């Protein structure tokens with residue numbers, strides 16, 4: 001199959017599978033806006049890889065494999081970006097932090113001293 005035929009086939013698959021791939025991605029990542037972006041990326045990657053695609057009648061499966069890889073990459077990126085709303089976070093002030101560290105140090109010293117005591 002020539003490049004022009006592959007492009008035509010990919011365009012037809014875009015029309016037929018865009019919504020299915022977008023739903024597939026959205027189900028896995030839980031964010032519709034990002035799913036739409038990733039779906040566009042799936043078809044862009046497919047277009048960029050057309051020359052290396054070997055026709056076996058499985059172009060639809062190939063697109064879903066690209067989508068799966070996009071999901072994996074997205075989830076890796078998101079898992080590294082842990083966020084916490086500031087209004088739920090307690091930020092200790094400097095004085096409390098120093099007191100906490102001092103108290104922890106004293107407890108460790110006490111624990112070490114208690115371990116050296118004999119039963120007598």
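Every number in this text was worked out from the coordinates using simple rules, so none of it is lab data. All of these numbers come straight from a predicted model, not from anything done at the bench. Don't worry about glycine lacking a Cβ; one is built from the backbone with ideal geometry, like all the others, and counts go over all protein chains shown.
Here the extension length gained between residue 100 and residue 75 equals 5.4 nm, from 0.36 nm per residue of separation less the Cα-Cα distance. Take each peptide in 99-106, 10-17, count the other Cβ atoms within 10 Å of every residue, and average; sorted highest first, the result is 10-17, 99-106.
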